[in-house]
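Data first, discussion second: the structure below is written as structure tokens.
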Amino acid sequence: MSTIDVRLVEVTKVFGQDVAVDHVNLEVLDGEFFSLLGPSGCGKTTTLRMIGGFEEPTSGLIELNGEDVTWLPPYRRNVNTVFQNYALFPHLTIFENVAFGLRRRKVKGAEIKARVAQMLQLVELRGFDQRKPGQISGGQAQRVALARALINRPAVLLLDEPLGALDLKLRKQMQLELKRIQQEVGITFIYVTHDQDEAMTMSDRIAVMNRGRYEQLGRPEELYERPTTRFVAGFLGVCNLLPGHVDGTADAYALVALDDSTKLRLPLAQVSGSTDVEVGVRPEKVRLLELTDDVPAGANVLRGRVKQTSYTGVSTLYVIERSNGQTFTVYEQNLERAAANSLWRPGEEVAMTWSPDDTFAVRGASTASTADAASGSPSVNETAAS
Amino acid sequence: MVASAAPNHIQKPRGHLGRRLVRSVDRWILPLYAFVAVLYLAIPVLVMIAFSFNDPTGRSNLTWKAFSINAWLDPLGKPGLAQAVTTSISIAVLSTIIATILGLLIGLALVRHAFRGRGIVNLLIFLPMSTPEIVLGVSLLTLFIASTQWSFVPKGTFFPLSFTTILIAHVMFNISYVVVTIRARLQGFPRHLEEAAADLGANEWTTFWRVTFPLILPGVIAAALLAFSLSIDDYVITEFTSGQTQTFPIFIFGSQLRGIPVQVNVIGTIIFVSAVLFVVISTLLQRRQRLDPVEAEEE
Ligand SMILES: Nc1ncnc2c1ncn2[C@@H]1O[C@H](COP(=O)(O)OP(=O)(O)OP(=O)(O)O)[C@@H](O)[C@H]1O
Ligand SMILES: [Mg+2]
């Protein structure tokens, strides 16, 4: 049903000694909202610029709608771009900015007028057509850039951090707006961002990039719930990681023994063949219980002592320390305990428990070095026992 | 219910000697200084204008005799003057056009493309600006004379000296000023605008005329004006490359011994007034543009 709009085959870009994009293979489907997510310098812009035709790949192949466009100049590709700094033409009115692409294709004056009006309406900028780019706000300039690109009805729209220059509130608003417009026009969007919230709210699928390649590609919930690398786990949110090794199976689960030989369960598919893994769980999946409470059958359990409690309104953040010094972050919704005014207090012994199905395993430090953790995943709880 | 009148903080501080000094500098000395400075700049021009209304009895227009508008009624009425003015204007216009086109192309190449020898070209472009004019004039003359011995140069191309050799000389020194002016404008040019044009379907040619050129146009105009004004009053280099041809500056210099005619002041005044008008008009135009700030994005 869905056809492939954009295909990258072994695309590589080298700048001098730097490998900016490293043998990337991607397939973006027709009508999809696809995001490239990653930290600064990981090669997102370079990838996008190669699709747009502003940069030639050092090697590899780029296809649009099945046609090889690797060596075509930008003006011969059915792709349009929304630049991060908008790149509106300062000497032209908003009308002429939006009409620029149509004029290049020699569309008739009357049709241009109608289509520009329709576009300005889509981006809610009616009545701005005679202004110059210097006379509108950042958010409005962003919409003009979008209108100027969309009016050409490209097969694919490329967006390079289009909301980067806006303040937080406007960003949130424009995220929804972009999503609405994308659904309305049904054009494939390839969206570059380093903001994981932005990528998760808007995208159908995300490729999480790191150092010139993507580490994992999938729907937002797949990436969040079942990251396969340490980097992805850390980039998409806070997570707790514990090193261990695979030690048999039980029921439909694999067992992983931690350093202190505690065993945790997790879905078999998660460990597929590896022996040394890091077991992970998101902070909001973990429940805190009294040591004497009943633990649900089959759940993973670890003990610890509350080290820190921070009430944040929506939830309470606990830092729990295990006896071997590993720390765990837990978010608890403010339900019964908050109402009863009995949040866990530092020093209390607790049992941390969560479902095996919420447990994932990431490939260990062999693929992700410390540099990754430093640059991309400050939120990974370092769990080295010492 | 207003509590009380605001305390009067905004009293002027008084009495302090230092402050009084500062205030008197503000009020008197700075304006006076500015006035003297402007006068210093304006006096030669004012004298020139005044003497364009003189009626000299002798040959030289150096002492004030009587008011007259004779020279204004017949501004070209001296033998050779009309010819000299026409020559000067023709050379200025031609050398400006040629130098601006060539300079624009050189500027584009220097800023946009990395090619072998770019560093050398960048350096060479400065040469005509930094070499003393008289040295340039002498070496051009040497070159033109030497060219008569080269078999591949058709006889009579560069020698005897002529309108053509003046033009070649003026284009040469003008190019460097044009390149330097346009290069400054191009270096600050936002390249992503050109990428955006290409993205929207404009090929290189269309992109240049629709986006690049309109945006660097102020720089191109500034360069052309500079070239025109450098050419029209050049004396030193022209002296070495003109032969029998007379330009306006050469005419003036030549008539110095016989006595400079009043018409020279008239033409000088006309040039001055045109220049002032031009500056005023372009300032007004720019101010209007600034009101709708088209260039706000360029930073
Ligand atoms: N024109 C260039 N010349 C040399 N190196 C470049 C060039 N463009 C990008 N790079 C390098 O390629 C790498 C990837 O750059 P890129 O712009 O694609 O990163 P990015 O993921 O878009 O980062 P950001 O989020 O900061 O925009 C970086 O290390 C960068 O320094
Ligand atoms: Mg980027």
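The values are calculated or read from the model by the stated rules, or taken from the named source; none is laboratory data. Just so it is clear, the structure is predicted and the values come from calculations on it, not from any experiment. Virtual Cβ from ideal backbone geometry, glycine too; neighbours counted across all protein chains shown. Just so you know, the surface numbers come from the protein's heavy atoms only, side chains and all, with ligands and any DNA or RNA stripped out. Shrake-Rupley method; radii C 1.70, N 1.55, O 1.52, S 1.80 Å.
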Margin query: Taking the criterion of being in a helix (DSSP H, G or I) and within 20 Å of A:F328 (Cβ to Cβ), would at least one residue in region A:251-258 satisfy it?
Written below: no
Next item on the list: Name every residue in region A:282-306 that is assigned to a loop (DSSP other than H, G, I, E, B) and among the charged types (D, E, K, R), in order of residue number.
Entry: A:R282, A:E290, A:D293, A:D294
Next item on the list: Can you confirm whether region B:166-187 contains a residue that is within 14 Å of chain A (Cβ to nearest Cβ), more than 30 Å from B:A84 (Cα to Cα) and open to solvent by less than 60 Å² (accessible area, probe 1.4 Å)?
Entry: no
Notebook entry, point to check: Just checking, which of B:G58, B:G107 is over 30 Å from B:N265 (Cα atoms) and in contact (Cβ under 8 Å) with a residue 60 or more places away in the chain?
Noted result: B:G107
Next item on the list: Inspect region B:212-235 for any residue being crowded, with 20+ Cβ neighbours inside 10 Å, among the hydroxyl-bearing types (S, T, Y), more than 14 Å from every other protein chain (Cβ to nearest Cβ) and assigned to a helix (DSSP H, G or I) and give the result as yes or no.
Entry: yes
Next item on the list: Please enumerate the residues belonging to region B:248-287 that are open to solvent by 70 Å² or more (accessible area, probe 1.4 Å), of a type in the set (A, V, I, L, M) and within 14 Å of B:N61 (Cα to Cα).
Entry: B:L257
Notebook entry, point to check: Applying the selection to region A:27-37, what residues are aliphatic (A, V, I, L, M) and within 16 Å of ligand 2 (Cβ to nearest atom)?
Noted result: A:L36, A:L37
Check: How many of the residues making up region A:38-74 are within 16 Å of ligand 2 (Cβ to nearest atom) and touching a Ser or Thr at 6+ places or on another chain (Cβ under 7 Å)?
Finding: 3
Note to self: Tell me whether region A:4-26 contains one or more residues that are within 16 Å of ligand 2 (Cβ to nearest atom), more than 18 Å from the chain's Cα centre (by Cα), open to solvent by 20 Å² or more (accessible area, probe 1.4 Å) and closer than 24 Å to A:Q182 by Cβ.
What the structure shows: no
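Per-residue answers, yes or no, for (1) more than 14 Å from chain B (Cβ to nearest Cβ); (2) within 26 Å of A:L92 (Cα to Cα); (3) part of a helix (DSSP H, G or I); (4) in contact (Cβ under 8 Å) with a residue 40 or more places away in the chain:
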{"site": "A:Q140", "(1), (2), (3), (4)": "no, yes, yes, no"}
{"site": "A:N152", "(1), (2), (3), (4)": "no, yes, no, yes"}
{"site": "A:L158", "(1), (2), (3), (4)": "no, yes, no, yes"}
{"site": "A:L166", "(1), (2), (3), (4)": "yes, yes, no, no"}
{"site": "A:L178", "(1), (2), (3), (4)": "yes, yes, yes, no"}
{"site": "A:Q183", "(1), (2), (3), (4)": "yes, no, yes, no"}
{"site": "A:Y191", "(1), (2), (3), (4)": "yes, no, no, yes"}
Note to self: Can you pull out every residue in region A:157-166 that is open to solvent by less than 10 Å² (accessible area, probe 1.4 Å) and either touching a Gly at 6+ places or on another chain (Cβ under 7 Å) or at pLDDT below 95 (or both)?
What the structure shows: A:L158, A:P162, A:L163
Next item on the list: Spot the failing condition for A:F34; the list is (1) closer than 22 Å to B:R191 by Cβ; (2) open to solvent by less than 50 Å² (accessible area, probe 1.4 Å); (3) within 16 Å of ligand 1 (Cβ to nearest atom), and only one is missed.
Entry: (1)
Next item on the list: Enumerate the pairs (first residue in region A:71-95 and open to solvent by 30 Å² or more (accessible area, probe 1.4 Å); second residue anywhere and outside any strand (DSSP E or B) and within 15 Å of ligand 2 (Cβ to nearest atom)) with beta-carbon separation below 6 Å, excluding pairs fewer than 6 apart on the same chain, so at least 6 apart or on different chains.
Entry: A:Q84/A:E161; A:Q84/A:G164
Item checked: Residue selected from region A:100-127 under the condition open to solvent by 40 Å² or more (accessible area, probe 1.4 Å) and part of a loop (DSSP other than H, G, I, E, B), by the criterion farthest from the other protein chains (Cβ to nearest Cβ) -> A:E124
Next item on the list: Go over the candidates A:R230, A:R211 one by one and state the one that is touching a residue at least 24 places away in the same chain (Cβ under 8 Å) and open to solvent by 50 Å² or more (accessible area, probe 1.4 Å).
Entry: A:R211
Notebook entry, point to check: Among the residues of region B:105-114, is any under 30 Å from B:V179 (Cβ atoms) and loosely packed, with under 10 Cβ neighbours inside 10 Å?
Noted result: yes
Margin query: Looking for something assigned to a loop (DSSP other than H, G, I, E, B) and within 15 Å of ligand 1 (Cβ to nearest atom) - is there at least one such residue anywhere in region A:73-82?
Written below: no
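Listed here are the residues, each with its yes/no results for (1) within 11 Å of chain B (Cβ to nearest Cβ); (2) more than 16 Å from ligand 1 (Cβ to nearest atom); (3) not in a helix (DSSP H, G or I).
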| residue | (1), (2), (3) |
| --- | --- |
| A:E10 | no, yes, yes |
| A:V24 | no, no, yes |
| A:E55 | yes, no, yes |
| A:V98 | yes, yes, no |
